[in-house]
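> The following block contains the structure, expressed as structure tokens.
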Amino acid sequence: MFRRLPYLRFVLRQLAGKLSLSAVMTVSAQTLEEKVLIFLRKVQADHTISSVNQALQAFHCSRRQLQRVLKKLCDEGLVVRTGRGCYRLKE
């Protein structure tokens, strides 16, 4: 029984993280633009999106839709593109 404790702790931490992310993303934001900005400001410690593919799981949208939003935020000067599929919140 004691051998399973590290695994159960790991599972619980992962589940708690997903629930926390879900609560932050659904309650406080309406549009995808707002969700991206909240994700960069509050969820990501380094204020970056290192991969569009990984970000798709958090936003539950299509790749093209996320790319359009990121381009719009870059044009507005809120986000800076740092590489292929990599974006950083402008300070």
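Each reported figure results from applying straightforward, stated rules to the coordinates on display, with no laboratory input. Predicted, not measured: the structure shown is a model, and the values here were computed from it. Glycine also receives a Cβ, built like all others from the backbone with ideal geometry; neighbour counts cover every protein chain displayed.
> When the Cα atoms of the chain are enclosed in a convex hull and the volume is divided per residue, what value in Å³ results?
111 Å³
> Which of L19, L32 has the fewest other C-beta atoms within 10 Å, and how do the rest follow up to the most?
So the ranking, lowest neighbour count to highest, is L19, L32.
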